[in-house]
Structure formats: C-alpha cells, structure tokens
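Since the structure comes first, as structure tokens, the remarks are kept for the end.
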Amino acid sequence: MTDLPPHGPKAIVIHGDFPAGGPIPFSDDRHYLLYARGGLLKLEAEGRRWSLPPARAALIAAGQPVTFWLPGPVTALSVLFDTGWTTAPDDPLAVFDLSPLARALLDELRSCTEGPRDDHDLRLFETLYHTILRLARAPSPASRPTGESDLVRHALDRTEATLAEAPTFANLAQHLNVTERTLARRIHAETGMTWSANLRLMRILCAIEGLVTTRDSVTDIAFATGYTSLSAFNAAFRDLVGLTPTEYRDSLRN
C-alpha cells in the first residue's frame, strides 16, 4: 500500500481508495497504524485473526510481520511513524478500538500524504501517536485463532463463512472428509478450544462487526449471528467484551 523511501518524513499518511485484494504480507521499518476509514480490513499475525472495521485499528511495531487483506473496497487512512522520532509500542502488535479523539486527529491529518506541512501538523502527529499508544494498552479481545494445519484452518474458515446457516460439526466433518473425532482432536490441539467454543467466539466477533458497521438493532444482530435468545447473546457478549452490546456500541461514540 506504500512505496515510501526508507528514510522519509517523521510521519506520513496513507490515504486513498484500494480495491479488494490480498492476502498481502507486510512488514515495515517504521511503526504502522493500520486503519480503514471506510470498508473492512482483515489482519492475521501470530496465529490469530482480527477484523478491522472503521471503529478499530492496529498498531504494528517496526519489523513485525503481518498479513492483511481487503474483502472489499477500502478507504485507507493509515499512518507511518519514523522510529527515530517515536518511542516503540509496548507490544509488537495491538488491535484496539479507536476513540473519537483518535478518529478526529486522523481525519484532520488525512491530507498529510507527504508528511507534516508545518509545526501544527507535527504537534497533531505527536498527539495522535501518544493517543494510540494509550489505546493500544487496552487491546481488543475480538480475535480468533487461525489454526496451524490446512485442515484446521479450512475448518475454522468454513465455520466462519457459514455462521448464518447454523453450521453443525457433523456437516463440517463430512464436508472435510474426516471423522468427527479426528477433527475435534485437531481443532482442540491447535486452538486450545473446542469447535463449539470457536463457534461461539466467531458469533460474537461477527456481532461486533455488525454493531460497528451497521445500524441494525441489537436483537437483529443477535438473531443474525445464530442466537435465539437475546439474554443469552447479551451474556455471551459481556463475557468476551466486558460490556453489553448496547454499552459497547455507545462506547464508540463517546
């Protein structure tokens, strides 16, 4: 997404429209704030996968390899920070919900595609970086394991792709031409979770995407992700996120 020279400005914005594509292996010698102002990004690293709707971003430390892809068209509003100008993030990779302040700063800086134009821009970049460093210390729990083998990766990917169809483990094993016992053992060994637990996690992650990318009611989102009880959905959501679905949606506006 960028062809910047190795030693550029202290900070620079990547702002533009990009078509669907990927997977794209990525690593840079600068700290990288990966953010989609419009559309949805998918990010994978260290055996986990995240979705990055416009309410969420990733801070990737210099040298940290990741893979991302664009399921559909994306309007990027990412930032590269020179390592000689900024302190290193606490963790090589953190995915977090953006605050209204961070989004406002990004929007203000979106035209700085060649770096800061004056001291005012430089101060805004400094404020942005300190803001996202603080946000990155409270990473989002909204990720799922990817699996290590082709079998488990395919099993998890198919489960995720068929959430709206109420997938069953028996049908999944049959589709993959493997016994249920073998598939259950492999999934647990590679993810530390049963298939049912992975399914519940995926449903909540799908619900999070719905809460941040649509105006659908909480009830409609619950039913669309496979829940038949709103109370059960609220309880499962709170267990993972620490907030009810309504509280989580409201928190993105404050």
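All of the numbers you see were taken from the coordinates with simple rules; none came from a lab. Keep in mind the model is a prediction, meaning the values are calculated, not measured. Note that we place each Cβ from the backbone using ideal geometry, even for glycine, and neighbour counts take in every protein chain shown.
Amide H contacts under 5 Å for Thr146: Arg48, Arg49, restricted to partners 5 or more places along the chain or on a different chain, H placed in the peptide plane at 1.01 Å from N.
Per residue, the convex hull spanned by the Cα atoms of region 11-136 amounts to 91 cubic angstrom. Among Arg56, Arg49, the order by Cβ neighbours within 10 angstrom, fewest to most, reads Arg49, Arg56. Selection among Thr214, Pro73, Leu93 by position relative to the dipole of the chain gives Thr214 as farthest towards the positive end (Cβ unit charges, Cα centre). The residues Phe96, Phe237, when put in order of fewest to most other Cβ atoms within 10 Å, stand as Phe96, Phe237. Over all other residues within a Cβ to Cβ distance under 10 Å of Thr244, the charged ones net out to 0, with Lys and Arg as +1 and Asp and Glu as -1.
For region 11-136, a crude dipole built from +1 on the beta carbon of Lys and Arg and -1 on the beta carbon of Asp and Glu, taken about the Cα centre, is about 440 debye to the nearest 20. Helices in the chain, meaning DSSP H runs of at least 4 residues, each add -39500 (n - 2.57). Divided by all residues, the mean residue ellipticity at 222 nm is -12500 deg cm²/dmol.
Normalised by 2.2 N^0.38 Å, with N the number of residues, the alpha-carbon radius of gyration of region 146-251 equals 1.13. Computed about the Cα centre, the dipole magnitude for the chain is approximately 660 debye when only Lys and Arg (+1) and Asp and Glu (-1) carry charge, each at its Cβ.
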